[in-house]
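Data first, discussion second: the structure below is written as structure tokens.
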2 protein chains.
Amino acid sequence: MTGSPAYLAITGGIGGAKLSLGLAKILAAEELAFIVNTGDDFKHLNLHISPDVDTLVYTLAGVNNPETGWGRDGESWQFMAAMEALGGETWFQLGDKDLAMHIERTCRLQAGQTLTEATGELSKSLGIGHRIVPMSDDPVHTRVQTSGGLMDFQHYFVREQCAPKVSGFEFEGAGNAAINPEIVKWLNSEDLAGVIICPSNPFVSIDPILSIPGLREKLRDCKAPVIAVSPLIGGEAIKGPTVKIMNELNVPTTACWVAQYYADFLDGFVLDNVDRASKPEIEVAGLQVNVTNTVMVTLDDRMQLARDCLALLSKL
Amino acid sequence: MTGSPAYLAITGGIGGAKLSLGLAKILAAEELAFIVNTGDDFKHLNLHISPDVDTLVYTLAGVNNPETGWGRDGESWQFMAAMEALGGETWFQLGDKDLAMHIERTCRLQAGQTLTEATGELSKSLGIGHRIVPMSDDPVHTRVQTSGGLMDFQHYFVREQCAPKVSGFEFEGAGNAAINPEIVKWLNSEDLAGVIICPSNPFVSIDPILSIPGLREKLRDCKAPVIAVSPLIGGEAIKGPTVKIMNELNVPTTACWVAQYYADFLDGFVLDNVDRASKPEIEVAGLQVNVTNTVMVTLDDRMQLARDCLALLSKL
């Protein structure tokens, strides 16, 4: 497993993790690696919390909470109740099982491991064979420009439940962050057969990754085809604030707009059946389009969408 | 509650906490304060853990685990199981509820609070009115001299379950530690009516406190009487390694020896009924002796022993 993977999946939150699971089920550990957003990582109660990394790790390990999409299955909340009694901060839900990940990761980082090393070892201990790497080992913090001022992403997303009106985003630290060296190696590799941008929020899941200097250019210049799966279906997102944010940013809430947003580095786009009518418009932008079902309810849905992605890549 | 308390209880682990509860039930919050050993505090998983403080806080708040003597009631262990799955350190048991205390305390210390401030606010949030202060806000680390070399106290006590043979103890940092200013104020106060050394292990619970420069002298010189409750009953301790350590140190495993060990600052001693025969020998050392039941099974036992302590103090 020291070779370069044929496929790279770039992913953020819950939607991305769903497709990632489908891909992991049909591609062997050495064939596929994951690049994960860490823009919403934050320090809370002295713990280093990596929400998107954890969502992917828990999902691939099969220990995720299928109802919430985040956190662990069979979770309990004794810690939170005790924190409340002590007058501690409780706006960010930390389950008893989930805490182990944050505490162990924080210990490893304090002991000098990189986030890449810690993520690799922790995901391996949960039985995950596929490589999962953060976009960068350097800190990048997504800040939300809102009517109420600049806000930490988790404060906006969790504490304020995305209520503030968004006017833009900043990725603090991105300018000085280095692309994860693994990613550079993989994108430069002759073995690379394709890159898949998972159906994740373009602004808070994918843009932080693209904000690392050089990464967008590397996607543009890499020899393998790059495709994205639409995070919008009929103008709606399955989950999360994507559409609310798009409305507030005054951009069309369409799959087509997302395709164009990524068009400079994209070769193909996966569109949901309900958006079939947008296909010609996206093709005009020079992209090959695969129209299929992108709603992932069952594991079969996830695997089928993964196969559809590979089919599109093979045509490019 | 800004005045000086009439009574001070000096306490370490579980036995000390039992008598402390009895005292707290018969003395009002402003009449009684607790001085707690922090020699077995340690950093674990990046958390500041204060075992003796927590044992007392949980006991006084009525949320302690009555079976183990340490930790929380109705505790669950999801965190520990998840840590084990991640390959993290699991030799020190941290319950899901208990974790809240360690995480919140660590946050407060990192934010600049002293251990005294953090302990005060956390115990207050659990409904405790009595003041609980660590012996010092400076770090003191109990190290155990064993046949296998010098060992951190918790490694000896928990990880090695007191198996190594003990030849002595060191209290690292004690030489540079300042007595908690509250304690200095209380011991100097005209309001002080008595000091009670609770039935705690002399070597690992009380000696770390006495190792703070000046504290032993302050006990010796204070105008109020100082008494101790024997941690041994018929040559046995209710719980813990006291007798094993005494054997390894080649000292008699008797209440009388403990009385003499503290004799320089002691005015009275509380002896269990089964050790009645030792009374004259202890009186020879110049101590007044109260012979009573010191086995604390019920809350009534704890309160009665507390009353016996106050009765002895009132005679001195």
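Read-outs: derived from the displayed coordinates by stated rules, not from any lab. Remember, it's a predicted structure, so these values are computed and weren't measured experimentally. FYI the Cβ positions are ideal-geometry reconstructions off the backbone, even for glycines, and counts take in every protein chain you see.
Key figures
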quantity: 21 Å Cα-Cα threshold exceeded, pairs from A:Lys43/B:Lys43; B:Lys165/B:Lys239; A:Lys18/B:Lys97; calculated: A:Lys18/B:Lys97
quantity: FRET E, pair B:Ala277, A:Lys25, Förster distance 51 Å, beta-carbon r, rounded to 0.05; calculated: 0.10
quantity: Exercise: per-residue mean of other protein chain Cβ atoms within 10 Å, A:115-124; calculated: 1
quantity: Calculated FRET value between B:Asp264 and A:Gln110, using beta carbons and R₀ = 41 Å, to 0.05; calculated: 0.40
quantity: Cα convex hull of the protein assembly as shown, projected area averaged across orientations, nm²; calculated: 30.6
quantity: Spin-label zone in region B:196-221 - amide nitrogen under 12 Å from a point set 7 Å from the Cα of B:Ser167 along the C-beta vector; calculated: none
quantity: Largest-first ellipsoid semi-axes for region A:133-245, taking √(5λ) over the Cα gyration tensor eigenvalues, angstrom; calculated: 28, 18, 10
quantity: Approximate shape of region A:191-231 as ellipsoid semi-axes (Cα gyration tensor, √5λ), whole Å, largest first; calculated: 18, 14, 6
quantity: Column: log10 I(q)/I(0), Debye, Cα scatterers of chain A, q = 0.10, 0.13 Å⁻¹; calculated: -0.53, -0.92
quantity: Gained length - B:Ser125 relative to B:Glu236, 0.36 nm times residue gap less alpha-carbon distance; calculated: 36.3 nm
quantity: Average beta-carbon neighbours from other chains, 10 Å sphere, peptide B:125-136; calculated: 1
quantity: Value of D in µm² per second that Stokes-Einstein yields for region A:60-170, Kirkwood Rh from Cα pairs, at 20 °C (1.002 mPa s); calculated: 132
quantity: Förster radius 45 Å - calculated FRET efficiency between B:Glu117 and A:Asp221, Cβ distance, rounded to 0.05; calculated: 0.20
quantity: Counting DSSP beta bridges with both ends in the protein assembly as shown, the antiparallel % (nearest 5); calculated: 40
quantity: Mean Cα-pair separation over length for region A:156-253, i.e. relative contact order, pairs under 8 Å, 6 or more apart, %; calculated: 33
quantity: Surface/4 estimate of mean projected area, convex hull on alpha-carbon atoms of region B:19-96, nm²; calculated: 6.0
quantity: Bins of 5 Å from zero: percent of alpha-carbon pairs in region A:255-316; calculated: 4, 20, 28, 25, 16, 6, 1
quantity: Among beta bridges that DSSP assigns inside chain A, antiparallel share in %, nearest 5; calculated: 40
